[in-house]
Amino acid sequence: FFANTTEAPPIEVFHMNKLYLDSTDPNKVNLTIGAYRTEEGKPWVLPVVREAERRLANDETLNHEYFPVLGFDPFTKAATELVLGVDSVALKEGRAIGVQCLSGTGSLRAGAEFLANVAGLKTVYVSDPTWGNHNLVFKNAGFQSLNKYRYWDTANRQINFEGLVEDLENAPERAVILLHGCAHNPTGMDPTKEQWHKIAEIVKRRNLFTFFDIAYQGFASGDPDADAYAIRYFVDQGLEMLVAQSFAKNFGLYNERVGNLALVVSDSKTLPAIRSQLSLIIRGNWSNPPAHGARIVHLVLTDPELRKQWFDAIRVMSSRIREMRAALRGNLEKLGTPGKWDHITQQIGMFSYTGLNPQQVDNLVKQHKVFLLKDGRISISGLNTKNVEYVAKAIDETVRN
Ligand code: PMP
C-alpha cells in the first residue's frame, strides 16, 4: 500500500529548530520558532494560567464529558468579545458568534472549509510573504485559486502599500482576502490606521470578503484593544467577516490548541443555518474540541482579578520583545553594520523580517550557529541580554563579507 510514498518537503521552521537542537556549539542561538522565551531563554507558563489551572483542578464539578461540537459557549462568547470589543455593534445586534476550534490553525481550516464548500468562495489572496501554513490550509480546505497580494518592499524594508492596493483593486469580486489582524507574520510590519481604512474601503467597494487571522492579540502591543483596531474598524464599516483567533501566544497555551472562529454577518437570521453548517464541518474534522485550554482562557477573561493579571503578563512579554528589538538595533548601529536597521524597532510582535538574504542566512547558520529562517525572519523572543550582542556581531560579520 505504501511503497510509492514519496518524501514530502520538510517544514522549514521545525527543520531549523531541529538543526539548532542538534548543534553542540555553546554559543548557538535559536531564532526560529515563534514561541515566547524568557530572558533565560526558557518557555514561560503565565502565572495567571497556573492560577487558573489550580482553580480548575480544585473544581470537583468539572468532568471530562464531551464539549458540544461548536465548543464551550462561555469561552466562545468571551473570546468573541475580546476581539470585537464588548460594545461592538455586531454583538449588540446579535450578528456575531464564535465557534471553538483547534487554535488558530483549526479556526482557519474550519472557516476556509465553510467559505469554499458552503459559501462557494474558492478564490483566496494571501499576503506575499505570509505565514507558511496559510497556503496549505486553504488548499486542503478546497480553495481552487490561491493568489498573493504584494505586501513587502524588500529594498526599503517596509510595506509595499501601492502594490497591495493595486492587487486588491484587481482581485475578482467575492475573492477572500486574508489579512493579519496584527503583528504580521513574517514581516512584523502592520499597516497604519490610514492604510487599514483604505484597505477596508477597497474591500467594501470591490465586494471582497475579509478573513482576519489574529494570532497575537495583546501579545503584540500589550493592549488587546489596540491590537484589534483593524478588525473593529472593518466591523464598524458594516463588513461581514470571519476571524480566526489563536490563544497560543497571548496565553502561552501553544499545545492546548485553544482557538475561536468568530463570524460577523450582516443579517442575524442567517446565523442558525451557518451554525448548523459549521457543526457538520467540525463533526467531520475533530468532532469536539478539547476542554482544558478553553476553560483556562474563559476563566481568565471573565474573572476581573485574573483578567488584570493577564494584562500584566502580556505587558511583560510585549515589553521584553520591544527591549530586545531596541537592543538588536542598538548593537548593529553601534557596530556601524552596513545598512539601515530602524525597521527592527518599527516592526511589532514576535518576528522581525531582517532583510538578510539566503546566503547571509546560510552564513549565520553555518558560521555562527545563529538559527533563523531562509527568508531572513527571526523570532525576537529568542534574543536576550546575554546573546543579543553575539547575534549583532554575527550579523555584522555576515553583512560585511
Ligand atoms: N496565524 C499566524 C499568522 C501565526 O503566526 C500562527 C502561529 N504561528 C497561527 C496563525 C496559528 O497558530 P496556532 O494554530 O498554533 O494557534
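Note that the range 306-318 has calculated 3J(HN,Hα) couplings of 5, 4, 5, 5, 5, 4, 4, 5, 5, 6, 4, 5, 5 Hz, one per residue in order, obtained from phi through the Karplus relation 6.51 cos²θ - 1.76 cosθ + 1.60 (θ = phi - 60°); glycine and proline are x. Over every Cα atom in the range 73-302, the radius of gyration and the widest Cα-Cα span, Dmax, amount to 16.3, 49 Å. Among Leu242, Leu82, Leu383, the residue with the largest mean-square fluctuation in a Gaussian network model of the chain, with springs joining Cα atoms closer than 10 Å, is Leu82. The charge dipole of the chain, taken about its Cα centre with unit charges on the Cβ atoms of Lys, Arg (+1), Asp and Glu (-1) only, comes to about 360 debye.
Summing Lys and Arg as +1 and Asp and Glu as -1 over all other residues whose Cβ lies under 14 Å from the Cβ of Gly336 gives a net charge of +2. The phi-based Karplus calculation (6.51 cos²θ - 1.76 cosθ + 1.60; θ = phi - 60°) puts the 3J(HN,Hα) values of the range 8-18 at 7, x, x, 7, 3, 5, 6, 4, 5, 4, 5 Hz, whole numbers, x for Gly and Pro.
Among the GluC sites (Glu not before Pro) within the range 137-218, those in coil by DSSP and having at most 16 neighbouring Cβ atoms inside 10 Å are Glu173.
Residues whose amide H falls under 5 Å from that of Phe351, counting only those 5 or more places apart or on a different chain, are Ile380, with hydrogens built in the peptide plane.
A Förster radius of 45 Å combined with the Cβ-Cβ distance from His292 to Asn401 puts the calculated FRET efficiency at roughly 0.35.
Compute the length gained on full extension between Arg322 and Asn58: take 0.36 nm times their separation in residues and subtract their Cα-Cα distance, giving the result in nm to one decimal. Walk me through the intermediate numbers first.
Working: separation 264, 0.36 × 264 = 95.04 nm, distance 3.71 nm.
Residue separation times 0.36 nm, minus the Cα-Cα distance, leaves 91.3 nm.
The amide H of Cys101, built 1.01 Å from its N in the peptide plane, has Gly259, Asn260, Leu261 as neighbours under 5 Å, considering only residues 5 or more places off or on other chains.
Listed highest first by mean packing, meaning other Cβ atoms within 10 Å per residue, what order do 3-9, 351-357 come in?
Numbers: 3-9: 5.3, 351-357: 23.3.
Listed from highest to lowest mean packing, they are 351-357, 3-9.
At an R0 of 41 angstrom, the distance between the Cβ atoms of Thr24 and Asn170 translates into a FRET efficiency of 0.20.
Under the simplified labelling scheme, the Tyr229-Glu65 pair shows an inter-label distance of 4.5 nm, with each label point 7 Å from Cα along Cα→Cβ. Add +1 for every Lys or Arg and -1 for every Asp or Glu among the other residues with Cβ under 10 Å from the Cβ of Tyr353, and state the total. Spelling it out: positives minus negatives among the neighbours equals +1.
Placing dummy labels 7 Å off each Cα toward the beta-carbon, the span from Arg206 to Asp87 is 3.3 nm.
Using the structure shown, select from Lys18/Lys366; Lys42/Lys334; Lys42/Lys369 the pairs with a Cα to Cα distance greater than 21 angstrom. Working shown, then result.
Details: Lys18/Lys366 14 Å; Lys42/Lys334 28 Å; Lys42/Lys369 19 Å.
Checking Cα-Cα distances, Lys42/Lys334 exceed 21 Å.
The stretch between Lys139 and Ala8, if pulled fully straight at 0.36 nm per residue, gains 45.6 nm over its current Cα-Cα span.
I need the calculated FRET efficiency for the pair Arg283 and Glu240, taking r as the beta carbon distance and R₀ as 25 Å, to the nearest 0.05.
Values: r = 24 Å, r/R0 = 0.97.
Using R0 = 25 Å, I get an efficiency of 0.55.
The chymotrypsin sites (Phe, Trp or Tyr not before Pro) of the range 20-125 that DSSP puts in a loop, and whose beta carbon has at most 10 other beta carbons within 10 Å, are Tyr66. The residue list Ala226, Leu21, Ile296 was ranked by how far each Cα lies along the charge dipole of the chain toward its positive end, using unit charges on Cβ atoms, and Leu21 comes out on top. Towards the positive end of the charge dipole of the range 228-378, with charges on Cβ (+1 Lys, Arg; -1 Asp, Glu), say which of Leu271, Met324, Ile348 has the farthest Cα. Of the candidates, Met324 comes out farthest on the positive side. Residues of the range 299-327 with an amide N closer than 20 Å to a point placed 7 Å from the Cα of Thr345 along the Cα-to-Cβ direction: 316-327. Placing a label point 7 Å from the Cα of Thr154 along the Cα-to-Cβ direction, the residues of the range 108-135 whose backbone N falls under 12 Å of that point are 129. Amide H contacts of Phe209 (H built 1.01 Å from N, in plane; Pro and chain starts excluded): Arg174, Ala175, Val176, Ile177 sit under 5 Å, all sequence-distant by 5 or more or on other chains.
Applying the criteria of a DSSP loop state and at most 11 other Cβ atoms within 10 Å to the GluC sites (Glu not before Pro) of the range 244-337 yields no site.
Projected onto their three principal axes, the Cα atoms of the chain cover extents of 63, 56, 55 Å, largest first. Karplus-based coupling profile of the range 94-105, in residue order and whole Hz: x, 9, 10, 9, x, 10, 6, 9, 7, 6, x, 4, with θ = phi - 60° in 6.51 cos²θ - 1.76 cosθ + 1.60 and x standing for Gly or Pro. Other residues lying with their Cβ under 11 Å from the Cβ of Arg232 contribute a combined charge of -4, Lys and Arg counting +1, Asp and Glu -1.
Values in this text are rule-based calculations from the coordinates and carry no lab data. Please read these numbers as outputs of a predicted model, since none were measured by experiment. Neighbour counts run over all protein chains shown; Cβ positions are idealised from the backbone, glycine included.
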